Amino acid sequence: MDAAGPPPPPAAGSVDAGAGTSSSLLGLSISASAGVACLVVLLVIVAAATAGFCARRRRKRQRRGGAKPLPTSRVEHAPSSGSIQTTSTPKEKEKEKEKDAEAGESGGASSSDVASSSAAASSLASPVRKKPERINVSAGMEMGWGRWYELEDLEAATGGFRDKSVVGEGGYGTVYRGVLAGGEVVAVKDLFDHKGQAEKEFKVEVEAIGRVRHKHLVGLVGYCAEGPKRMLVYEFVENGNLEQWLHGDDVGKFSPLTWDIRMKIAAGTAKGIAYLHEGLEPKVVHRDIKSSNILLDKNWNPKVSDFGMAKVLGPGSSYVTTRVMGTFGYVAPEYASTGMLNESSDIYSFGVLLMELISGRRPVDYNKDAGEVNLVEWFRGMVGSRRVEELVDPRIEAPPPARALNRVLLVCLRCIDSDAHKRPKMGQIVHMLEGDEFPFRMEHRSPRAAHRTSPNNTNSRPLLLAEKIGGADESDRTMWR
């Protein structure tokens, strides 16, 4: 051993060169170590990408409704297997059952419907949320009264909101025909966002008809709220709207809307409006009754649609003061002058709609002569001059019987009474349209009117409406007020 001392020990992880092997790390060759390191880096990258994707999806869900997440209290009512589920203790379940029993005994199904739909609208503005676990479903997320759809689901259903899928367009949005993944055909309304108008109409419709179900009201299936986008998903009604069938250029010489079909449409529409006024608590005033908002199915059954301007009248409220809105020609004069809205405003609009059904004319038509531009004024003038037969749409192939025409004309005049307090309720209008008896009751007729229909009168004939009104006393004229 020389003065340099003993040789240094071999490095850790290395093998004696005399053994005929190369240098290594942790028992592995350098090339194998490099491969392991690359694999670890790749796994780290994949994990980071997955975590980032999940975080983006979570933030996207939380941004629904304008970054206003859904509160736990809203999703606890979800009834289906495809809905969000939350757990509760046995005591909480017993309390819920007791509440449900009390609600059932009160008989206020419509009241609870409106209250729940109001909660649906308020959920868009609630900042509190206990994040539940979401279960993916193909057609959307069940939300108690309806479904919360992803924007991408509605894009796929409408073919990317292409022009070919457009079935209607108005001042507040464009309506598309769509087919969901499960094959269900729906109407998707993409609301225009003019100074926050989309958000207002969105909340109004959810509040007004979120849970309302009636055969003569268009059903709201669900909605979509992502970022600034606000969309409403309705049941699809396949036969277009009443305006197209009354005023379309391709109707032909004779309209497919016979007198009986028109009366069926009138009675069904009245039933739908009567449910809003008298079947709900709080009651709902539609505020935009017109022919383009009456949809028709293949059997000519009407469905009232477009509740974007609806107003809810709270308990004990006889009217609400609001900015005047509606369609020119249909708006009640007292509402236009004072801004005071109640059910009588809808009744006036229905009277104009009924005139439109009878005559086939638009409420305001500047292509007509000066005295015929306004339908209401022309209608009153024709009745006053006893020319009621000329009021009937000439495209009705078989004119109605005189008695049936007189009854319906009287309903029109009652609905457009200049005194809003004397207009009949919608429930009364339904009975007037469907009843066989003429609205004037026999025991209240004046002697002059009784003489006209007396069996001893050889010149008796069915009286025209103007003659009945002219020959009736005040008790006759106020019978249905």
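The values are calculated or read from the model by the stated rules, or taken from the named source; none is laboratory data. Here the structure is a predicted model, which means the values were calculated and not measured. Note: ideal-geometry Cβ built from the backbone for every residue, glycine included; neighbour counts use all protein chains shown.
Under the condition of being crowded, with 23+ Cβ neighbours inside 10 Å, more than 23 Å from Asp260 (Cβ to Cβ), of a type in the set (A, V, I, L, M, F, W, C) and modelled with pLDDT of 95 or more, the residues counted in segment 333-376 number 1.
In the set Tyr275, Tyr335, only one residue is over 18 Å from the mean Cα position of the chain (by Cα), in the same structural domain as Met263 (by TED's automatic domain parsing) and outside any loop (DSSP other than H, G, I, E, B); that residue is Tyr335.
Applying the selection to segment 412-423, what residues are more than 28 Å from Gly252 (Cβ to Cβ) and surrounded by 15 or more Cβ atoms within 10 Å (Cβ to Cβ)?
Taking segment 412-423 and keeping what is more than 28 Å from Gly252 (Cβ to Cβ), we get 413-423.
Matches in segment 412-423: Leu413, Arg414, Cys415, Ile416, Asp417, Ala420, Arg423.
Applying the criterion of being small (Gly, Ala, Ser) and in a helix (DSSP H, G or I) to the residues of segment 350-362, the residue that is farthest from Cys415 (Cα to Cα) is Ser359.
The residue list Pro69, Pro79 contains one member that is at pLDDT below 65, surrounded by 11 or more Cβ atoms within 10 Å (Cβ to Cβ) and either of a type outside the set (Lys, Arg) or part of a helix (DSSP H, G or I) (or both), which is Pro69. Pairs linking a residue in segment 359-379 that is on the phi > 0 side of the Ramachandran plot to a residue that is outside any helix (DSSP H, G or I), with Cβ atoms under 7 Å and 6 or more positions apart or on different chains, are Gly360/Asp393; Gly360/Arg395. One residue stands out among those in segment 245-269 that are free of Cβ contacts under 8 Å to residues at least 40 places away in the same chain and assigned to a helix (DSSP H, G or I): the one that is farthest from the chain's Cα centre (by Cα), which is Asp260.
When Leu242 is tested against (1) under 21 Å from Gln428 (Cα atoms); (2) within 18 Å of the chain's Cα centre (by Cα), only condition (1) is not met. The numbered conditions (1) outside any helix (DSSP H, G or I); (2) under 22 Å from Leu276 (Cβ atoms); (3) of a type in the set (Gly, Ala, Ser) are all true for Ala398 except (2).
Among the numbered criteria (1) over 20 Å from Val408 (Cα atoms); (2) in contact with a Ser or Thr (Cβ under 6 Å, 6 or more places away or on another chain), which one does Asp365 miss? Tallying (1) over 20 Å from Val408 (Cα atoms); (2) in contact with a Ser or Thr (Cβ under 6 Å, 6 or more places away or on another chain), Asp365 fails exactly one: (2). Suppose we keep only residues that are assigned to a loop (DSSP other than H, G, I, E, B) and under 22 Å from Thr174 (Cβ atoms) within segment 198-229. Which one would you say is modelled with the highest pLDDT? Top of the filtered list is Val218.
Filtering Val251, Val221, Val233 for residues that are more than 27 Å from Glu397 (Cβ to Cβ) and in contact with a helix residue (DSSP H, G or I) (Cβ under 9 Å, 6 or more places away or on another chain) leaves a single hit, Val233.
The selection criterion, being of a type in the set (Val, Ile, Thr) and buried (at least 22 other Cβ atoms within 10 Å of the Cβ), does not hold for Val320.
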